[in-house]
């Protein structure tokens, strides 16, 4: 089955710097890659996603890139702010071709943005 | 996105008892899922709740321990049966409008088993 590796497990940056979180997946059939942000005590929130027919997607300060050949995708946050501090999870899904679109999650990255 | 609610938001239970968690959505959705998130850990899928048929369980999860119902397109329940302290966790439902669409999470149920 699918396996998703996420790195780093913790990341500390200064406010205004950029942060990059990387994930690799094992099953080339995966075609949907969402990113979730989870603040302490809150539910995971979908912040951006990308499908396998696109190489990059951007939404204001966040962007996601996908390299299907290498089977890895990354989250980029620019001009980080203290409110970006949270745990970020990547996930992969095979959609229709898999088990009804199950999401397989990485282990998470705890991002701390220092003011 | 849909508005998703869960009941209860938290509970403290005695070992050997069972707890039923409810997930309600304000609009009809195709897919409903149940996840477990142990303290400081990632999310693990327990099962996909299928309307009108038995849930589809992931490896390591069985129906006798986690019976699931989904009577319609807006509601599902997860029961944690014969609880032990190892079942202490946050249980979250998620929904997707379509099979190949974004998933949105409910607020979660924090369960503590003594």
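Of the residues making up the range B:4-24, those that are away from chain A (no Cβ under 12 Å) and either assigned to a loop (DSSP other than H, G, I, E, B) or more than 13 Å from the chain's Cα centre (by Cα) (or both) are B:8, B:11, B:12, B:13, B:14, B:15, B:16, B:17, B:18.
If the condition is being more than 14 Å from chain A (Cβ to nearest Cβ) and not in a strand (DSSP E or B), then the range B:77-108 contributes B:81, B:82, B:83, B:84, B:85, B:86, B:87, B:88. For the range A:74-86, indicate whether the set of residues that are surrounded by fewer than 19 Cβ atoms within 10 Å (Cβ to Cβ) and within 14 Å of chain B (Cβ to nearest Cβ) is non-empty. Scanning the range A:74-86 turns up no residue that is surrounded by fewer than 19 Cβ atoms within 10 Å (Cβ to Cβ) and within 14 Å of chain B (Cβ to nearest Cβ). Of all positions in the range B:50-63, none carries a residue that is away from chain A (no Cβ under 14 Å), surrounded by 16 or more Cβ atoms within 10 Å (Cβ to Cβ) and assigned to a loop (DSSP other than H, G, I, E, B). The residue that is nearest to the other protein chains (Cβ to nearest Cβ), counting only those in the range A:4-46 that are in contact with a strand residue (DSSP E or B) (Cβ under 7 Å, 6 or more places away or on another chain), surrounded by fewer than 17 Cβ atoms within 10 Å (Cβ to Cβ) and not in a strand (DSSP E or B), is A:9.
No value in this document is a laboratory result; all are computed from the given coordinates. Note that the structure is a prediction, hence the values are computed from the model and not measured. Ideal geometry is used to build each Cβ from the backbone, glycine not excepted, and the neighbour counts take in all protein chains shown.
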